[in-house]
Each structure stands twice: as C-alpha cells, then as structure tokens.
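Just below is one structure, and these are the notes that go with it.
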Amino acid sequence: MGRRAGGYVIHNLRHTFVSEAHDAGLSAGIIMAFTGHVQEPTIHRYLRVSATAQTHAQEALDAHRRAQAERVAAQREKIVSLAGRRAAGSHCMHTLYAHRSLVRRLGDC
C-alpha cells in the first residue's frame, strides 16, 4: 500500500475509479457498492470532477436559463396583450386578474 515507482499510492486508483464512474453517470449508491463506502460524503472525498463534466454542466445550465428566459418573455407578451385588450374595453378581466401576480413580478423588468 506504499508508494510505487511512479509516486502513486493505491488511493490514486480509488480517486480515478470514483471520478470516472461519476462521469459515466453511475449513481452514488452504485459507486459506494463498488468502493465499499457506507456513507455518501465519503465518496465525495475521492471525486474529482473533470473539465469535460464541468463544461457539460455549464451548457445544461445555460440551456435551462435560455428556456426560462423564453418562458418569461412569452408570459410578458401575453400580459401586454391582455393589458391592451383591457384598455380597449374587452371583457377579459378575469384572465388579466389571473395573471396579476405575474404582472407584479415582471413589472420591474
């Protein structure tokens, strides 16, 4: 269990396995079964998140934020349309009141 010729110890293999298993999408429970850990925080000590995994996570977060911004923009257009109908004397007041909380949230945008 001591140092080997390359300066590595046996736990380097554990770090590599846990990190690669995580990158492959294995659940914490499966990784724990392989490594013999009983508590999930223990495997976190061995986990090294790769640059590729970080890039994929950032791309997923960016896509989520874009989709969220599109939903907000669509709601804003709907509210503006309802407000226009109200100003024109339309009888869509019940729909406008249903979106009143959203109007308050988007009012500062």
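The values are calculated or read from the model by the stated rules, or taken from the named source; none is laboratory data. Since the structure is predicted, the reported quantities are computational estimates derived from the model, not experimental observations. Cβ coordinates were reconstructed from backbone atoms using ideal geometry, including for glycine residues, and neighbour counts include every protein chain displayed.
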> Between residues in segment 24-35 that are closer than 18 Å to A57 by Cα and residues that are surrounded by fewer than 15 Cβ atoms within 10 Å (Cβ to Cβ), which pairs lie under 7 Å by C-beta distance while being six or more apart or on different chains?
Replying inline: A28/E40
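One line per residue, one yes/no per condition, for (1) in the same structural domain as H15 (by TED's automatic domain parsing); (2) modelled with pLDDT under 90; (3) surrounded by 10 or more Cβ atoms within 10 Å (Cβ to Cβ):
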| residue | (1), (2), (3) |
| --- | --- |
| I31 | yes, no, yes |
| G36 | yes, no, no |
| H44 | yes, yes, yes |
| Q54 | no, yes, yes |
| A69 | no, no, yes |
| Q75 | no, yes, yes |
| K78 | no, yes, yes |
| S81 | no, yes, yes |
| A87 | no, yes, no |
